[in-house]
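Some notes on the structure that comes next.
Bear in mind that the values in this text are calculations on the coordinates, not laboratory data. Note that the structure is predicted; figures quoted are calculated from it, not measured. Cβ coordinates were reconstructed from backbone atoms using ideal geometry, including for glycine residues, and neighbour counts include every protein chain displayed.
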Amino acid sequence: MKKLLALVLSLLMVASCFALCVFAAEETTAEGTTEEGTTEAPAAPTYDPTKLVFDASAQSMKILSAPNGIHKAFYSSSSSTEQWEGARLRITDVGDPYVTIQWNAYNKKAGTEKLDSQEYPFVVFKLKIEGYVEDFELFYCTGSVSGATPDYATTTDYPADSTGEIEYIIYDLTDDCEGVYNMFRFDPMGCDEDTMVYLYEICMFKTEDEALAYAGYNEDEDDTTEAPADDTTEALDETTVAEDEDVQTAPPANTEEEKKSCQSVIGVGVALVAMISLGAVCIKKRD
């Protein structure tokens, strides 16, 4: 009877040691993988000195000013009745509508360098028209020029039948200006009332090819033929995937700390079992 009791106690002790070993391994793993929560500050926005995007930042910088015959507004994500993109210019007076674009304010508030108009003579407007616009006139103020003047103005013919989709207006100011860009006056001409002009971006380029590429007018870049897939490459990819799957399905190896913890607990358990076994022998001898 005593021998049976000693055997039962031994089995219970072994089971307890095994449970302690598992608990110690889990605790070590948890401690090893727990990381203190860190809160990273959001990165400050970066601005391109050659590109002005009409977004919330442009609105806060007050890039658009002094509208005449135009109601200006920016995209607002909090609007509950209407959503639009970029800066929306609604023509309210067809007499002489225009709006001023404060490029120097963008340089100052965004912390961007000023651009030399002779180095970047191509100015591209990314926009969309809903309604009718006969033409777009651009007054550019560079160097010592501080206000709109006919000597620093250019007109680009615009197709009267607007598509209602995003388009690009390219102004070539080569040899027409000097000094850094200060501001622009943008004049939609020959408009119908309530025509909408959506301004998305203004970009400056050094060459005509760069401006055309930005506007998507370079067709040569589309003439590319994709090479057929190599069977050897596909076979290699399949082998790699198979190896990856094997690696992913393999159980993670125990760390050295887990092994030591387990060995310590098992060592104690073995010692206790040995003691119980000796006790069982003693009991047997005393019989």
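Lysine pair count for the stretch 51-219 with Cα-Cα distance under 26 Å and sequence separation of 8 or more or different chains is 27. Legend: P(r) of the stretch 51-219 from all alpha carbon pair distances, 5 Å bins from 0, whole percents, reading 2, 9, 17, 22, 22, 17, 9, 2, 1, 0. Would you tally the net charge around Ala105, using a Cβ to Cβ cut-off of less than 12 Å, leaving Ala105 out, and scoring K and R as +1, D and E as -1? Net charge in that neighbourhood comes out at +4.
Using R0 = 22 Å, the C-beta based FRET efficiency linking Asn218 and Asp48 works out to 0.60.
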